[in-house]
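Chemist: Quick one: the structure is below, and I'll ask about it shortly.
FYI, it's all coordinate maths here, none of it is from the lab. What you are looking at is a predicted structure, and each value in this text was computed from that prediction instead of being measured. Every residue, glycine among them, receives a Cβ derived from its backbone with ideal geometry; neighbour counts consider all protein chains shown.
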Amino acid sequence: MQWIRWFDELTIADVPRVGGKNASLGEMIRELKPKGIQIPDGFAITADAFGICGQAPSDYPEFAAFLVEHGIDSISLILDAVLRTTADILEIEKAVVVAPA
């Protein structure tokens, strides 16, 4: 499952996965950067991620790890999973801090 797509990877064909605005940003970056126009890079959250948001970090520990590794520090959780997921995230953060750069 792919949760993000970098703008420079997107084309208009990606509208169903990332929406029209994000796909258009991808088109702009691909077409205009080679012409010297400065466009900041970024990423789009995919429909796969939106389909599991809220419950995702609770049900998919690898999604919680992905969020921590990318510096996301605010997530939504279902009430039943707050303690377990918080403990999982603390372990993930420890691993990220001690992992060699």
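Chemist: Below 8 Å between Cα atoms, with a sequence gap of 6+, how large is the relative contact order for region 1-52 in percent?
Modeler: Taking the mean separation of contacting Cα pairs over the length of region 1-52, I get 50 percent.
Chemist: Could you work out how far apart the two model spin labels at ASP59 and ILE45 are, taking each label as a point 7 Å from the Cα in the direction of the beta carbon, and quote it in nm?
Modeler: 1.6
Chemist: Determine, for each peptide in 36-43, 6-13, the mean count of other beta carbons within 10 angstrom over its residues, then list the peptides with the highest first. Could the numbers behind the result be given before it?
Modeler: Values: 36-43: 10.4, 6-13: 14.2.
Highest-to-lowest ranking by the protection proxy: 6-13, 36-43.
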